[in-house]
Each structure stands twice: as structure tokens, then as C-alpha cells.
Amino acid sequence: NEGTQSIFESKSMKTAANLISRNATCWCGSGKKYKKCHLLIDQKEVSPSAEVPKPKRKDRNIIIKTEEQIDGIRKSCQMTKDLLDMVEERIGVGVTTNEIDEWVHLETLARGAVPAPLNYGRGQGRQRMPFPKSICTSLNEVICHGIPNSQELRNGDILNVDVTCNFHGYFGDASRMFVIGEVPDRTRELVEVTRECLNLGIEQVRPNNKLGDIGHAIQEHAENHGFSVVRDFAGHGVGIEFHEAPQILHYGEPGIGEALRENMIFTIEPMINIGDYACKVLGDGWTAVTTDGTLSAQWEHTMLVTSSGVEVLTA
Ligand code: MF3
Ligand code: CO
Ligand code: CO
């Protein structure tokens with residue numbers, strides 16, 4: 001399934017083979033024509049016997065991490081943080097999202113890790129192309145899962161950069177907003193309030209609090225400012241896999257839902273819109289945008305539930 005977990009099953013998704021024209025450049029980055037590269041592979045049905053049946057998301061169990069796993073995940077999360085710091089130092093007007101992708105890709109490999117988004121979704125039923133880049137870059141009205149491209153950042157843009165490292169098999173996932181130059185007050189307010197939503201969600205993390213406490217704190221703050229909370233994507237358990245149970249909804253009722261337990265690790269990653277929360281996914285199978293074209297912001301951290309509260313692993 002997919003990142004920032006889509007709540008929808010993707011049965012109706014087009015396959016990459018339907019999506020990409022035969023003479024277009026292949027999604028894999030080889031530079032070859034699609035028909036000379038991945039077309040046949042994408043068309044080929046994975047034989048049912050070759051595919052290990054995966055439990056449905058709702059049947060998967062929450063993984064309570066061991067001390068050894070926590071150490072590994074903590075390191076991966078610190079690398080994710082360092083990579084976002086690097087982006088923060090270099091980003092600005094005139095930079096392309098492809099360039100940001102390349103910085104993160106090369107630095108991740110140089111540190112002995114693998115960028116988890118690259119080829120994410122490969123072999124999962126071939127319902128769409130695997131994610132073709134090493135980070136997600138979600139510009140302006142893009143809610144999440146934007147694909148880096150050659151367009152230059154301009155004064156007035158807002159951009160989310162989402163980085164996930166796989167370091168020795170342990171995952172760390174975080175994202176930040178970047179404001180490029182001058183933006184209107186309401187745009188800056190969106191970015192700041194979304195960050196506050198993440199922090200208010202984090203404040204609810206401690207043993208025996210409920211998932212609904214997190215969602216409620218986020219929803220109340222966003223809606224008090226006249227913004228809306230995206231419903232179609234959620235935070236998620238993380239660490240041993242990129243996306244684990246449970247889903248962390250960014251809206252909800254206090255006291256409702258699964259109880260938090262010590263040594264759970266998950267993300268909170270609210271996506272907040274200036275306009276309506278309705279969302280649609282573009283023909284590339286990934287890019288999620290607001291249907292009304294209004295701006296969307298997102299901030300994300302990975303965190304550990306401790307005996308007394310929370311440790312933000314990507315801080
Ligand atoms: N990093 C995203 C998340 O927060 C997931 C991205 S999946 C990708 O869960 F394939 F789009 F990269
Ligand atoms: Co995430
Ligand atoms: Co992420």
C-alpha cells in the first residue's frame with residue numbers, strides 16, 4: 001500500500017503500463033523509452049503463487065519495539081533530521097525540487113542508508129508505478145506525495161519536503177515546510193498553525209492516552225483558525241517497516257480509539273488546508289492535491305512513547 005497511508009484501497013488504480021505512453025521516458029529514471037525499459041515488466045502479471053499474501057492493513061498488529069530496535073530507529077531518525085537540516089540550509093528561490101532530491105539522495109547514500117521512498121510500492125500488485133524519486137516534494141496546493149521535478153521554486157511558494165531513511169533496516173520519517181521568500185499573512189498562518197497542530201498532537205502522546213486525543217487536539221486547533229484537516233491520509237506506525245499499524249488520524253474525539261503504550265513508535269503528520277479538505281490524486285498515481293486548488297501544509301515527526309510521555313526521535 002502507500003505512504004502517508006492512504007485510507008482507500010487502490011483497486012481502481014491504473015497500472016503504470018496504462019498510465020505511461022510507450023514512447024515516454026521510463027519512470028525508473030534510466031532515460032530509456034518506456035517500451036524499451038519497464039513496459040513489459042509492468043504489464044506482466046505477478047503470478048498469484050509468487051506473491052506472499054499480505055495481511056490486510058486492519059489485521060496487522062502494532063509492533064511494540066525492543067530496546068535494540070529503538071536504538072536503530074533512533075539513529076535512522078537522527079539521519080532524517082540531519083538531511084532536513086541540510087535542505088533547510090540550501091533551499092531558496094531558483095532551486096528545483098529535482099535538485100533537493102539529488103542532495104538528499106546522494107547524502108543518504110554517503111551515510112550508508114537508503115532513501116525509503118525510492119521505488120516504494122514496487123511489487124505490490126503493480127497497480128501503479130513505484131514512487132520514482134528519493135523524497136516527496138509537495139508544492140502549494142499539493143497535499144502530499146508530490147514528485148520532484150525540474151520546476152524552479154519561486155518567491156511566494158510553500159513547499160513540504162518529506163524525507164524517510166532506511167538505515168540498517170530501520171526507518172525514520174519526517175517532513176518540514178519551507179516558505180520561499182515573501183508570502184501573504186494567511187499563508188504564513190497556515191504554515192505556522194500546521195506546525196502548532198503537530199506540536200499539540202505530540203503533547204497528547206503518553207501511555208494510556210488514546211489515539212483520538214491526538215486527532216482531537218489537532219482538529220480543534222486547525223478548525224479554530226478556519227482551516228480544514230485532510231481526512232484521506234494519516235500518520236502511521238513506523239520503524240521496522242515504512243508504514244505499520246496503527247493509522248494516526250489527525251481528527252477525532254478525545255478518549256476514543258486505541259490506547260498508546262510504552263515503546264510504540266509512530267508518526268504524526270497533519271495535512272491542513274486553507275480551503276476544503278477534499279483531495280484527489282493526479283494521473284501519476286501519487287500526487288495528492290486539494291480539489292479546490294487552495295494551499296495545503298504539512299509537518300511530520302517520528303516519535304517514541306516513553307514511560308513518562310514522548311521522545312521526538314526526528315527532533
Ligand atoms: N514519507 C511519507 C509519509 O510520511 C510517505 C511517502 S511514500 C512515497 O508517510 F512513496 F510517496 F514516497
Ligand atoms: Co509518514
Ligand atoms: Co513522511
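A few notes on this one:
- Flag if Arg154 is out of contact with any Ser or Thr (no Cβ under 8 Å at 6 or more places or on another chain) and surrounded by fewer than 17 Cβ atoms within 10 Å (Cβ to Cβ): yes
- Within the stretch 229-251, the set of residues being of a type in the set (Phe, Trp, Tyr), under 11 Å from the mean Cα position of the chain (by Cα) and part of a loop (DSSP other than H, G, I, E, B) comprises Phe242 only.
- Residue in the stretch 117-166 that is nearest to ligand 1 (Cβ to nearest atom), counting only those that are of a type in the set (Lys, Arg) and in contact (Cβ under 8 Å) with a residue 60 or more places away in the chain: Arg128
- Selection status of Thr287, in contact with an Asp or Glu (Cβ under 8 Å, 6 or more places away or on another chain) and not acidic (Asp, Glu): no
- Scanning the stretch 167-179 for residues that are under 18 Å from Glu88 (Cβ atoms) and either away from ligand 1 (no atom under 12 Å from the Cβ) or of a type outside the set (Ser, Thr, Tyr) (or both) turns up Gly172, Asp173, Ala174, Arg176, Met177, Phe178, Val179.
- A count restricted to the stretch 290-315 and to residues that are buried (at least 22 other Cβ atoms within 10 Å of the Cβ), part of a strand (DSSP E or B) and not small (Gly, Ala, Ser) stands at 7.
- Checking each residue in the stretch 122-148 for being within 24 Å of Thr80 (Cα to Cα), in contact with a strand residue (DSSP E or B) (Cβ under 7 Å, 6 or more places away or on another chain) and not hydroxyl-bearing (Ser, Thr, Tyr) picks out Ile135, Cys136, Leu139, Asn140, Val142, Ile143, Cys144, His145, Gly146, Pro148.
No lab work stands behind these numbers, since they all come straight from the coordinates. Quantities reported herein were computed from a predicted structural model and do not represent experimental measurements. In this analysis, Cβ positions are derived from the backbone assuming ideal geometry, glycine residues included, and neighbour counts consider all displayed protein chains.
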